[in-house]
Amino acid sequence: MRTPSLYSQDDPISAALQPPPSETEEERTLRLDAEAEAKRISEQIDEELKQERERLKRNKDDIKLLLLGQAESGKSTLQKQFQLMYKPHSLEQERISWKTVIYFNVVRSLKHILNTLEAWDDNAEDETDYSPEPHSRRPGGFLNQPSPSTSLLYESAAGSSSKLEGSSSTSYPISVSRDAGATQIAGLRRRLGPLVSADEPLADRLSGGITVSGSGKGGVFVRSGWQARTIENALGRKRPKRVVEDEIKKGRNSQDGVQDILVQDVARMLKTLEKDIKELWDHPIVKELIAKRRLKLDEWSEFFLKHISRVADPEYVPTTDDILHARIQTMGVQEHVFDVNIHGKTVTWHLYDVGGARGQRHSWVPYFEDANAIIFVAPVSAFDQYLEEDPRTNRIDDSLQLFTQICSNRLLKSVHLVLFLNKTDLLKTKLDRGLKVRKYITSFGDRSNDYDTVIQYFRAHFLQVHRRNNENRRVLYTHFTNVTDTKATQRIIGNVRDSIFRGYLQSAALV
């Protein structure tokens with residue numbers, strides 16, 4: 001007699017468990033792959049939810065450290081130094097993602113140079129339309145802020161003097177023949193055009209297609225997790241997800257499987273156009289525009305253009321130094337978790353790197369509560385620079401006002417506070433080139449324009465802000481830093497780690 005089925009013939013579960021009546025071997029393989037992928041995604045979501053629950057239940061013994069400061073102050077570079085010191089394997093795993101960033105930095109720098117040269121070519125003979133007019137001193141600031149440059153031909157200056165610092169020349173023309181230079185640059189612009197046109201596709205690749213107004217010449221805003229998305233783009237095309245995951249785990253060797261056509265095309269163009277890039281970077285007009293500050297490049301631009309032969313190499317893999325110099329703007333708050341060994345005791349640190357642009361600072365406040373320590377990063381080399389978001393605001397003035405808000409916030413009155421006066425190497429370079437601080441900060445007066453005098457002048461202003469907003473007699477730890485210098489920065493991080501931990505133990509004892 002026939003054994004009755006455990007399930008009804010019209011039971012949907014039984015029907016689902018039965019293989020399709022006419023399934024081919026290829027269809028079966030595709031179905032099994034799809035089921036495996038669905039299972040993987042489900043397990044990944046479960047794991048992410050689990051990690052999020054664990055994160056929200058942060059152990060009371062964990063330390064919460066905030067990195068604060070304006071955009072381009074060096075916060076993200078400092079975060080990379082923490083990562084390199086306490087979680088180096090994670091930096092190794094994401095190394096391939098930085099190749100896209102560095103290519104983008106190079107392309108964006110070339111675009112900025114060519115746009116500047118185009119303005120030079122258009123305006124070189126029209127001097128009367130570009131004379132600067134100084135703005136009045138902004139209430140509340142201690143700086144007399146000159147107008148941001150309204151052209152590439154005339155230096156912005158406080159007062160009426162038009163003489164260029166560090167140069168005996170007081171007027172145009174540049175020493176190279178304008179006609180000859182224009183002809184050479186036109187040829188370079190034509191040949192470099194296809195490479196420069198990769199600017200927007202690379203930005204989309206990094207941002208995931210999300211655009212943010214006011215991203216400025218620094219590039220593109222990225223959200224947390226951009227590294228994984230970039231690696232997936234590089235390795236994931238025409239590859240099963242499980243293969244991508246295996247490649248990501250390989251870290252440095254991952255570049256063997258690069259499939260991203262856009263990145264491959266940019267790499268080929270860099271190699272093909274290497275001589276043209278060098279010619280543009282070494283062109284007398286470019287050099288003189290830089291020397292006379294008509295063309296202002298960020299440190300990451302100069303770093304990669306100086307090393308273009310290495311970056312353009314077909315076998316190029318970003319070095320750790322390259323990653324530290326690479327520029328990408330973070331959007332929102334990014335959390336990094338490290339297990340830090342302090343005198344035999346392992347303590348979990350939650351490091352929060354937050355976007356420093358003015359429009360993102362509102363996102364800081366929720367992280368103030370239960371914070372154990374803050375590292376405030378102020379770029380002292382920026383005394384001659386202005387905010388991307390507000391070209392009338394000097395960046396040093398903005399840092400001081402932002403530091404005032406941090407020091408005076410009631411939620412932070414007992415928080416361990418560390419001040420990094422950063423980019424001291426760039427400050428030295430500017431002073432060595434003859435740039436006068438008093439031109440941008442009138443209160444500097446007739447003080448000596450040497451490094452020690454300038455750095456102590458800035459330090460005194462930040463200390464004054466802290467003294468005025470320190471009712472709890474909190475100690476302010478101050479460090480002069482260049483966070484791209486790994487050896488020096490990691491030594492400072494060690495000192496900061498110990499001082500934060502001592503402060504944490506003291507506060508815990510008082511509870």
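The values are calculated or read from the model by the stated rules, or taken from the named source; none is laboratory data. Values in this document were obtained by computation on a predicted structure and should not be read as measured data. Neighbour counts are summed over all protein chains in view; Cβ atoms, including those assigned to glycine, are modelled from backbone coordinates with ideal geometry. Only protein heavy atoms, including side chains, enter the accessible area calculation; ligands, DNA and RNA are left aside. Shrake-Rupley method; radii C 1.70, N 1.55, O 1.52, S 1.80 Å.
Structure data summary
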{"read-out": "Qualifying position, being modelled with pLDDT of 95 or more and surrounded by 15 or more Cβ atoms within 10 Å (Cβ to Cβ), among Val263, Val311", "value": "Val311"}
{"read-out": "Val337 vs. criteria over 30 Å from Leu297 (Cα atoms) and touching a Leu at 6+ places or on another chain (Cβ under 8 Å)", "value": "yes"}
{"read-out": "In segment 382-433, residue least open to solvent (accessible area, probe 1.4 Å) [restricted to those that are free of Cβ contacts under 8 Å to residues at least 12 places away in the same chain and within 22 Å of Val365 (Cα to Cα)]", "value": "Gln405"}
{"read-out": "Qualifying residue in segment 338-354 (condition: among the polar types (S, T, N, Q) and buried (at least 16 other Cβ atoms within 10 Å of the Cβ))", "value": "no"}
{"read-out": "In segment 24-68, the residues that are out of contact with any strand residue (DSSP E or B) (no Cβ under 8 Å at 6 or more places or on another chain), surrounded by 10 or more Cβ atoms within 10 Å (Cβ to Cβ) and at pLDDT below 75", "value": "Glu48, Leu49, Lys50, Gln51, Glu52, Glu54"}
{"read-out": "From Arg497, Arg473, Arg468, residue being at pLDDT below 95 and open to solvent by less than 60 Å² (accessible area, probe 1.4 Å)", "value": "Arg497"}
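A quick yes/no check of all residues on (1) of a type in the set (Phe, Trp, Tyr); (2) assigned to a helix (DSSP H, G or I); (3) not assigned by the TED database to the domain that holds Leu431:
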{"residue": "Val340", "(1), (2), (3)": "no, no, no"}
{"residue": "His350", "(1), (2), (3)": "no, no, no"}
{"residue": "Asp353", "(1), (2), (3)": "no, no, no"}
{"residue": "Phe376", "(1), (2), (3)": "yes, no, no"}
{"residue": "Ala382", "(1), (2), (3)": "no, yes, no"}
{"residue": "Asp390", "(1), (2), (3)": "no, no, no"}
{"residue": "Ser399", "(1), (2), (3)": "no, yes, no"}
{"residue": "Cys407", "(1), (2), (3)": "no, yes, no"}
{"residue": "Val418", "(1), (2), (3)": "no, no, no"}
